[in-house]
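Just so it is clear, none of the values below were taken in a lab; they were calculated from the coordinates. Just so you know, these numbers come straight off a predicted model, no measurement behind them. Every residue, glycine among them, receives a Cβ derived from its backbone with ideal geometry; neighbour counts consider all protein chains shown.
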Amino acid sequence: MSQAVIETHQLGKRYEAGAQGGLWAVRGVTLNVYAGDVTVLMGPSGSGKTTLLSMIGGLLDPSQGYLSVCGVTLDGCGEPERQRFRRKHIGFIFQNYNLLQALTARENVAIGLRLRGYDESEADGCLDLVGLARKAGAMPHELSGGQRQRVAIARALAGAPPVLLADEPTAALDAEQGRLIMGLLRKRAKETGTTVLVVTHDPRVRDFADRVIEMEDGRLHRIVRRLRRVPRSAAAPRVRPHRHPRKEGRHVSP
Amino acid sequence: MKGIGWKNLKRDKTRMLVAVLGVVFAVVLVTTEVGMLLGLVRNASLLIDRSRADIWVSTVDVKTFDFATPFAQRKKYLIQSVPGVERVEEFNVSYSIWKLPTGGNANIQVVAFDPWGELAAPLSMTEGSLDDLHNQDAIIIDDGERAKLGNPAVGSYVEVMQHRAKVVGFTHDMRSFTTTPYVFTTLSRSETYGWLTNGNSGPSNSIYFLVKVAPGANVDEVRRAIQGSVPDVEAHSRESFSWRTRSYWLFETGMGLGFLAAAFLGLMVGGVIVSQTLYAMTIERLPEFGVLKAMGASMFDLARIVLEQGLICGLVGLVLGLAISLGIGQAAASAGTTVLIPQPLVLAVAALTFLLCSAAALVSIVRLRKIEPAMVFRT
Ligand SMILES: Nc1ncnc2c1ncn2[C@@H]1O[C@H](COP(=O)(O)OP(=O)(O)OP(=O)(O)O)[C@@H](O)[C@H]1O
Ligand SMILES: [Mg+2]
């Protein structure tokens with residue numbers, strides 16, 4: 001198997017603030033994620049999914065353990081280095097799309113390109129990848145939720161970062177739009193070898209995963225490798241996928 | 001990140017309007033207050049600055065042009081005999097009373113000089129001519145002071161110090177600092193219309209002598225020679241007397257401070273409006289700034305957006321504010337108040353606006369520095 005794009009060892013994050021005077025939101029997480037994989041992170045509310053995703057994305061400094069993404073060691077590095085890391089390696093996708101409201105779809109995508117040093121004229125091409133070339137001149141408020149999320153995806157994959165991180169990308173969308181979004185992410189992973197990590201509560205998102213990781217109380221609870229074909233047409237999967245869950249390992253942390 | 005600031009403003013036109021109004025407020029206040037001060041200060045020493053005398057001779061310790069005291073006219077001959085003095089002319093300024101058609105009185109300043117002379121400030125006439133001063137009882141007033149004096153026309157007969165006087169012409173933009181209208185007349189009438197006695201009615205008195213030094217003579221040496229040989233007078237160079245007059249009004253009366261305080265207050269209020277508006281815009285868009293930070297935008301990139309917003313509001317406000325100030329200047333001129341807006345003032349106000357808007361943006365930038373990139377998943 002190829003070199004892992006995301007590598008963690010006994011990774012932990014402690015929030016000092018709080019009523020109880022501190023809390024391990026993530027602890028003892030050891031995990032490898034490989035290029036071209038779609039990994040879905042699930043678990044109850046407060047189990048530490050967003051915290052783990054934030055550390056992997058270079059948004060949050062780990063309190064403990066080893067973390068390397070795209071060959072960059074992220075534990076203990078400062079914000080300027082993490083800023084450069086994010087710019088170069090990570091595309092983010094959010095539940096609420098987080099488009100810049102004053103900018104058109106094209107201009108939103110152009111920001112992603114500009115930050116990564118690409119020519120802004122490629123924005124239309126990125127929008128084409130998510131099927132929104134026609135809407136390039138539209139303002140976010142003129143687009144539907146699903147269309148906004150597709151613009152956000154175009155922005156995230158503009159400049160082809162090797163890792164896409166999404167936190168609840170389908171939570172604000174209906175089932176069909178959700179499938180469309182996940183289909184796009186999966187297609188991207190398979191076509192370009194982009195590593196995709198998606199946090200979700202939505203069980204339907206499992207259908208698009210190569211691997212499902214369940215978290216509980218800050219720990220990895222279960223890793224499920226899915227051995228199934230994902231529907232070709234992401235927008236309308238007709239066949240219910242055949243399930244073969246297999247326990248990869250129960251991680252017990254200190 | 002160029003252009004985002006402008007697009008943010010376009011999308012939030014109400015806030016942009018408020019910020020622009022804040023700038024307009026500051027620009028108009030600073031420009032008109034300072035312009036008015038400059039106008040007043042110019043007027044204060046106008047008759048000194050425009051005179052062609054090298055030296056002004058007065059009694060000792062005169063504080064300002066308007067408050068000189070009389071001294072014996074015969075000292076003219078002593079001054080004339082000082083080596084280096086080429087020409088001496090009498091120039092009198094004294095307070096007096098003008099009878100209004102309503103029955104009331106107006107205070108005036110009678111400025112008496114030799115219309116054939118060479119040293120007094122030339123009158124800039126809009127109606128009538130200087131030669132008309134040779135007519136009997138002739139006086140000239142400024143067109144901007146007509147309203148204060150009962151709207152006399154050329155040819156009108158009026159009463160000054162209980163003597164008949166005839167308005168023969170109007171000057172333009174030659175007004176006093178004290179807002180007491182100047183009434184120009186000839187030397188021979190200075191005691192008829194003015195008040196030149198120093199208590200006991202004795203020999204004739206004068207207020208100033210204007211001195212022209214001979215070609216090649218050193219003004220400062222002649223000035224000191226006059227002070228040395230003529231008792232109880234002070235001889236000033238034109239520039240130093242001008243400065244003494246201006247600085248009296250500016251500093252000793254505290255008036256300059258008053259104007260500058262008003263201008264400063266305008267700047268502060270405008271600045272607070274702009275910074276609060278930019279700050280509100282920033283807070284409203286904090287998630288967007290967070291996303292940019294998460295995407296790897298630098299602090300410089302984010303600061304640039306806010307700065308762009310501030311500077312655009314500043315530029316628009318500056319242009320509008322200056323236009324309004326020029327309009328106010330015009331209106332003030334026709335109402336009889338001089339507001340001077342010279343180019344250096346415009347440049348200074350532009351620089352001040354630039355600073356103001358940068359400082360206003362700084363408040364937001366400080367807030368942006370505190371953004372945790374991890375906030376993007378928490379909104
Ligand atoms: N900035 C913070 N300061 C203190 N505690 C925090 C902070 N952020 C998260 N936590 C705590 O850390 C724990 C994990 O939070 P996290 O957001 O990672 O959970 P999550 O699995 O993403 O939950 P959800 O599914 O509700 O989004 C929670 O108990 C939360 O209260
Ligand atoms: Mg979460």
Checklist entry - Where a ≥ b ≥ c are the square roots of the eigenvalues of the C-alpha gyration tensor, would you call chain B rounded, which needs a/c under 1.5, or, failing that, prolate if a/b is larger than b/c, or oblate? => result prolate
Next on the checklist: Could you tell me the calculated FRET efficiency between B:M268 and A:R225, based on Cβ-Cβ distance and R0 = 51 angstrom, to the nearest 0.05?
Outcome noted: 0.20
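Got a sec? How would A:L173, A:L11 order by Cβ neighbour count within 10 Å, fewest to most? Numbers along the way, then the final one.
Values: A:L173 22, A:L11 25.
Taking fewest neighbouring Cβ atoms as first place, the list is A:L173, A:L11.
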Checklist entry - Points 7 angstrom from Cα along the Cβ direction at B:A351 and B:A153: gap in nanometres? => result 5.1 nm
Checklist outcome for this item: Bridge orientation stat for the protein assembly as shown from DSSP, antiparallel percent rounded to 5, came to 65 percent
Checklist entry - Can you pull the Rg over Rh of the protein assembly as shown, Cα-only, Kirkwood? => result 1.32
Checklist entry - Size of the dipole of chain B about the Cα centre, Lys and Arg at +1 and Asp and Glu at -1 on the beta carbon, nothing else charged, in debye to 20? => result 1700 debye
Next on the checklist: If I fit a long axis through the Cα atoms of helix A:175-192 and take the longest principal axis of the Cα atoms of chain A, what angle between them do I get, 0 to 90°, rounded to 10?
Outcome noted: 80 degrees
Next on the checklist: Greater than 23 Å separation of Cα atoms is the criterion. Which listed pairs, A:K88/B:K2; A:K187/B:K2; B:K75/B:K212; A:K49/B:K293; A:K88/B:K293, meet it?
Outcome noted: A:K187/B:K2
Next on the checklist: I'd like the chymotrypsin sites (Phe, Trp or Tyr not before Pro) in segment A:78-152 restricted to DSSP loop residues with at most 16 other Cβ atoms within 10 Å, sorted by number.
Outcome noted: A:Y118
Checklist entry - For chain B, what is the relative contact order in percent, using Cα pairs closer than 8 Å and at least 6 residues apart in sequence? => result 30 percent
Item to check | Relative counts (whole %) of C-alpha pair distances in segment B:60-232, using bins that are 10 Å wide | outcome: 10, 36, 32, 17, 4, 0
Next on the checklist: As a test of the formula, what do you get for chain B when each DSSP H run with n ≥ 4 contributes -39,500 (n - 2.57) and the sum is divided by the residue count, at 222 nm and rounded to the nearest 500 deg cm²/dmol?
Outcome noted: -15500 deg cm²/dmol
Next on the checklist: Can you give me the angle between helix A:79-89 and the longest principal axis of chain A, using Cα atoms only, in degrees from 0 to 90, rounded to the nearest 10?
Outcome noted: 60 degrees
Next on the checklist: Under the rule of at least 5 residues apart or a separate chain, name every residue whose amide H is placed under 5 Å from the amide H of A:K13.
Outcome noted: A:A25, A:V26, A:R27, A:S63
Checklist entry - Any idea what the dipole of the protein assembly as shown comes to, in debye rounded to 20, about its Cα centre with Lys/Arg Cβ at +1 and Asp/Glu Cβ at -1? => result 4680 debye
Next on the checklist: Can you list which of the DSSP-assigned H helices in chain B have a Cα extent of 30 Å or more along the long axis and an average Kyte-Doolittle score of at least 1.0?
Outcome noted: B:13-44, B:255-284, B:299-334, B:343-369
Checklist entry - How do B:W243, A:W24, B:W98 rank when sorted from fewest to most other Cβ atoms within 10 Å of their own Cβ? => result B:W243, A:W24, B:W98
Next on the checklist: If a paramagnetic tag sat 7 Å from the Cα of B:D173 along the Cα-Cβ line, which residues of segment B:321-348 would have the backbone N under 18 Å from that point?
Outcome noted: B:325-346
Checklist outcome for this item: Here the whole-number average of other chain Cβ atoms within 10 Å per Cβ of A:55-68 is 2
Checklist entry - So in chain B, what percent of DSSP beta bridges are antiparallel if you round to the nearest 5? => result 75 percent
Checklist outcome for this item: As a percent rounded to 5, the proportion of antiparallel DSSP bridges among beta bridges in segment B:60-232 is 70 percent
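Across the residues of A:97-105, average count of Cβ atoms on other protein chains within 10 Å? Show your work: numbers first, answer last.
Details: counts 1, 10, 2, 11, 8, 12, 6, 1, 0.
Per residue, the average neighbour count from other chains is 6.
Placing +1 at every Lys and Arg Cβ and -1 at every Asp and Glu Cβ, with all other atoms neutral, what dipole size does segment B:60-232 have around its Cα centre, in debye to the nearest 20?
So the magnitude is around 380 debye.
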Checklist entry - Among A:S45, B:S325, what is the fewest-to-most ranking by other Cβ atoms within 10 Å? => result A:S45, B:S325
Item to check | Peptides B:251-264, B:76-89 ordered by average Cβ neighbours within 10 Å, highest first | outcome: B:76-89, B:251-264
